[in-house]
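S.K.: Mind looking over this structure? Questions follow.
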Amino acid sequence: MAKDHIPYKIYLEENEMPKTWYNVRADMKNKPAPLLNPGTLKPMTAAELSGVFCDELVKQELDDVTPYIEIPEEIREFYNMYRPSPLVRAYCLEKKLGTPAKIYYKFEGNNTSGSHKLNSAIAQAYYAKKQGLKGVTTETGAGQWGTALSMACAYFGLDCKVYMVKVSYEQKPFRREVMRTYGASVTPSPSTETAVGRKILAEHPGTTGSLGCAISEAVEAATTREGYRYVLGSVLNQVLLHQSIIGLETKAAMDKYGIKPDVIIGCAGGGSNLGGLIAPFMGEKLRGEADYEFIAVEPASCPSFTRGTFAYDFCDTGKVCPLAKMYTLGCGFIPAANHAGGLRYHGMSSVLSQLYADGLMRAISVKQTEVFKAAEYFARVEGILPAPESSHAIKAAIDEAVKCRETGEEKTILFGLTGTGYFDMTAYEQYNDGKMTDYVPTDEEIKASVSCLPKV
Ligand SMILES: *Cc1c(COP(=O)(O)O)cnc(C)c1O
C-alpha cells in the first residue's frame, strides 16, 4: 500500500531485519560457470578449495541451489551495531535537479570501514573462527577491504595479516593505521616474507607493487601457515551472497511503503555491492514475478562489462588462483596511471557476468572527470562526501533523473551509495586542481591484453 509521505530515511526495526541471505544462483536458469583448477582445467572440488578457504565458505561458494541461507545469530548481532544502513529518499537532489523522478539511495558508508565490505568481512571472519582457525590473510589495494577485515577479526579475536600494495602503504598511512589500531599486521607488498615476494623483488627491484602481486603473497602466506586461510573481499559467489543483505534490507524497507523501483543502479568493480543490491529484485525478475531495469556502472578506463570478453581467465596477475569465467580485460590489464577512481579490477563476478550475458541487466561506462563532477554535485546537495567508486552510480542516477526531467517520466530510481571518500582526498585534490584527466584504452590495447587469456 502506498503511503502519502515517504520519510527522508527509511529504517527497519530490529525484528524486521533479514534473518537469511539470498542466493540468486538458486533462481538462475543458466548457472554461473564453475571455478576451474588452473592445472587440470576441471571444476575445483570442495577438497581443493578447502586448502585456501574455510569449509563453510567453500560450501557457500559451490551452492547453486539453496535460495535462502541463514545468517548466524553472531553475525546478525554484529550487523545490528551498524545496520540497517539508511535508505535515503534524495528529496534535496530531486529538487535541485528539477526532476519528476523519485530518487533513493542505500548508504553503506556509515561504519568505520567506510564501505559495504564489512558485510562480508564479518561473515568470513565468523566462519574462520567457528572452524577454529588462528587467522586469515588477505591483500588490500586502496585499503577499504583490509580495514573491514581488521574490524571483523578484532571482533572475533582472529589474527589478521594484510598485504597492502606498497604504493598505497606509503601514500595512505591513515588507512594503514586504522588497520593497525584494530590489531592487524600490515605488510607492504612485495615483501621479503614470502617466496613469491622475494622473487618479484629480485626481478623488479624498487617496484611499488600491484594487487595481483599482493594476492599471490597473501595466498602463499595462508597456504604455508598452519591454521590460516585466505579471504577475498569481492568477485566470489560467497561475497555476493553476504552482500545480499544490502538488497534484502532495501526491499523490505521499500515494501513497507509500497515503493517499487523502476531502475536499479550500482557501481561495478568486482561486482559485490551491485550483486548484493540487486539480488532480491533480480530473483523476482528471474521468477517472472516483477520486472526491473538493472544498470552496472564501470569506469571507462577499466571497462570489463562493456568492452571485455566473456571467457575463463585468471583471477590474479600472479596466476596462482583458480580460473573464473567472467567478462574480463585479461588478467594482465592495468588501468592507466592517471586512473584515480577505483574499480580497477580486470574481471567481474561470474554471477553478474552470466546475468549480463543472458540480457538480464545492462552496463554503461563513465569517464572519471564526469564521475568526480557528479561526486562534487552530490556532496554539495545531499551532504555526503562519496567514495569515487560510489560516484559512478551517482553519475548514472543523475543522468537517469535528468532524462526524466526531459521526458516527464516519474520513474523511481534506486542506487547503491557504497561508501565515503575521506581516504580518497588525493583523487579529489587532483580534480579540484583541474589536473584530473580521462583515459580510455584503445581497441588495440584491450585486444592485446585479452590475447593472453588461457586456452580453455
Ligand atoms: C570495493 C569497493 C567498491 C567496488 O567493489 P564491488 O565488489 O564491485 O562492490 C565500490 N565502492 C566502494 C566504496 C568500495 O570500497
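S.K.: When 1/r is averaged over all different Cα pairs and the result inverted, which Kirkwood radius in Å belongs to the chain? Please report the intermediate quantities before stating the final value.
M.R.: On the way: mean 1/r = 0.0454 Å⁻¹.
Over the chain, the inverse of the mean reciprocal pair distance is 22.0 Å.
S.K.: Please list the non-local residues whose amide H lies under 5 Å from the amide H of Cys315, H modeled 1.01 Å from N, same-chain partners needing a gap of 5 or more.
M.R.: Correct list: Cys321, Ala324.
S.K.: How far is helix 211-223 tilted, in degrees, relative to the longest principal axis of the Cα atoms in the chain, given as a value from 0 to 90 rounded to the nearest 10?
M.R.: Relative to the chain, helix 211-223 is tipped by roughly 60 degrees.
S.K.: List the residues of the range 328-342 whose backbone N lies under 11 Å from a point placed 7 Å from the Cα of Thr437 along the Cα-to-Cβ direction.
M.R.: Under cut-off, by backbone N: 337-339.
S.K.: Can you list the HN-Hα couplings for the range 91-100, worked out from phi with the Karplus curve (6.51, -1.76, 1.60; θ = phi - 60°), rounded to whole Hz and with x for Gly and Pro?
M.R.: With the stated coefficients, the range 91-100 comes to 4, 5, 5, 4, 5, 4, 7, x, 9, x Hz.
S.K.: Next up: Using only Cα atoms, tell me the angle between helix 118-130 and the longest principal axis of the chain; keep it within 0 to 90° and round to the nearest 10.
M.R.: It is inclined by approximately 40 degrees.
S.K.: Sticking with this one: Can you tell me the length gained on complete extension of the stretch Tyr422 to Lys260, counting 0.36 nm per residue apart and subtracting the Cα distance?
M.R.: Answer, rounded to one decimal: 55.1 nm.
S.K.: Here is a further query. Based on the Cβ-Cβ distance of Glu14 and Val65, what FRET efficiency does E = 1/(1 + (r/R0)^6) give at R0 = 35 Å, to the nearest 0.05?
M.R.: On the way: r = 30 Å, r/R0 = 0.87.
Computed FRET efficiency for Glu14 and Val65 comes out at 0.70.
S.K.: Which value, in Å³ per residue, describes the convex hull spanned by the Cα atoms of the range 84-162? List each step's numbers first, then the result.
M.R.: Details: hull volume 8.1 nm³, N = 79.
For the range 84-162, the hull spanned by Cα atoms encloses 103 Å³ per residue.
S.K.: Quick one: check the C-alpha center-to-center distance for the range 1-73 versus the range 229-297, whole angstrom.
M.R.: Computed from Cα coordinates, the inter-centre distance equals 11 Å.
S.K.: Here is a further query. I'd like the trypsin sites (Lys or Arg not before Pro) in the range 114-216 restricted to DSSP loop residues with at most 15 other Cβ atoms within 10 Å, sorted by number. If you can, show how the numbers build up before the last one.
M.R.: Values: sites: Lys117, Lys129, Lys130, Lys134, Lys161, Lys166, Arg175, Arg176, Arg180, Arg198, Lys199; in loops: Lys117, Lys134.
Within the range 114-216, the qualifying trypsin sites (Lys or Arg not before Pro) (loop, at most 15 other Cβ atoms within 10 Å) are Lys134.
S.K.: Taking the beta-carbon count within 10 Å as an exposure proxy, list Ser391, Ser234 from fewest neighbours to most.
M.R.: Values: Ser391 32, Ser234 21.
Ascending Cβ contact count within 10 Å gives the list Ser234, Ser391.
S.K.: Suppose we keep just the DSSP beta bridges with both residues in the range 61-212; what percent of those would be antiparallel, to 5? Provide the component values of the computation, followed by the final result.
M.R.: Numbers: 3 of 14 bridges.
Percentage antiparallel, nearest 5: 20.
S.K.: In addition: Among DSSP beta bridges whose residues both lie in the chain, state the antiparallel percentage, nearest 5.
M.R.: Here the share of antiparallel DSSP bridges comes out near 35 percent.
S.K.: Would you mind calculating the gained length between Thr224 and Ser50 on full extension (0.36 nm times residue separation, minus the Cα-Cα distance), in nm to one decimal?
M.R.: On the way: separation 174, 0.36 × 174 = 62.64 nm, distance 1.35 nm.
That pair, Thr224 and Ser50, stretches by 61.3 nm at full extension.
S.K.: Work out from phi, with θ = phi - 60° and the Karplus expression 6.51 cos²θ - 1.76 cosθ + 1.60, the ³J(HN,Hα) of each residue of the range 366-382, listed in order in whole Hz, and give x for Gly and Pro.
M.R.: Rounded to whole hertz, the list is 10, 7, 5, 5, 5, 5, 6, 5, 5, 4, 5, 4, 5, 4, 6, 8, 9.
S.K.: Taking R0 as 45 Å, what's the FRET efficiency between Cys92 and Glu170 from their Cβ-Cβ distance, rounded to 0.05? Display every interim value, and only then the final one.
M.R.: Values: r = 38 Å, r/R0 = 0.85.
Given R0 = 45 Å and the Cβ-Cβ separation, E is 0.70.
S.K.: Could I ask something else about it? Helix 144-156 against the longest principal axis of the chain: what's the angle in degrees, Cα atoms only, rounded to the nearest 10?
M.R.: Approximately 80 degrees, to the nearest 10.
S.K.: Going down the table (Lys130/Lys455; Lys161/Lys285; Lys285/Lys373; Lys161/Lys455; Lys19/Lys130), which pairs top 29 Å between alpha carbons? Don't skip to the end; give the middle numbers.
M.R.: Details: Lys130/Lys455 39 Å; Lys161/Lys285 40 Å; Lys285/Lys373 33 Å; Lys161/Lys455 34 Å; Lys19/Lys130 19 Å.
Correct reply: Lys130/Lys455; Lys161/Lys285; Lys285/Lys373; Lys161/Lys455.
S.K.: In the chain, which Cys residues have no partner Cys with a Cβ closer than 4.7 Å?
M.R.: Cys54, Cys92, Cys213, Cys267, Cys302, Cys331, Cys404, Cys452
S.K.: How would you rank Leu41, Leu87, Leu133, going from fewest to most other Cβ atoms within 10 Å of each one's own Cβ? Don't skip to the answer; put the middle values down first.
M.R.: Numbers: Leu41 12, Leu87 27, Leu133 19.
So the residues, fewest neighbours to most, are Leu41, Leu133, Leu87.
S.K.: Which order do the peptides 297-303, 74-80 take when ranked by the mean count of other beta-carbon atoms within 10 Å per residue, highest first? Could you put the intermediate results ahead of the total?
M.R.: Values: 297-303: 24.4, 74-80: 16.4.
So the peptides 297-303, 74-80, ranked by packing, come out 297-303, 74-80.
S.K.: Give the long-range amide H neighbours of Gly271: residues separated by 5 or more places, or on another chain, with amide H under 5 Å away, using H modelled in the peptide plane at 1.01 Å from N.
M.R.: Val235, Ser349
S.K.: May I ask you to sort His392, His242, His5 by Cβ crowding, counting other Cβ atoms within 10 Å and putting the fewest first? Before the final figure, lay out each step's value.
M.R.: Numbers: His392 34, His242 26, His5 6.
Taking fewest neighbouring Cβ atoms as first place, the list is His5, His242, His392.
S.K.: What does the C-alpha gyration tensor say about the overall shape of the range 169-305? Classify as rounded when a/c is under 1.5, otherwise prolate if a/b is larger than b/c, or oblate. Please list the in-between numbers first.
M.R.: Numbers: a/c = 2.60, a/b = 2.31, b/c = 1.13.
It is prolate, given that a/c is not under 1.5 and a/b is the larger ratio.
S.K.: Under the Karplus relation 6.51 cos²θ - 1.76 cosθ + 1.60, θ = phi - 60°, what is the ordered set of whole-Hz ³J(HN,Hα) values for the range 426-443, x standing for Gly and Pro?
M.R.: Once rounded to whole Hz, the list reads 5, 5, 4, 4, 4, 5, 5, 7, x, 9, 7, 10, 9, 9, 10, x, 7, 4.
Read-outs throughout are calculated quantities, based only on the coordinates presented, and are distinct from any laboratory measurement. Bear in mind the structure is a predicted one, so any value in this text is a computation, not a measurement. Virtual Cβ from ideal backbone geometry, glycine too; neighbours counted across all protein chains shown.
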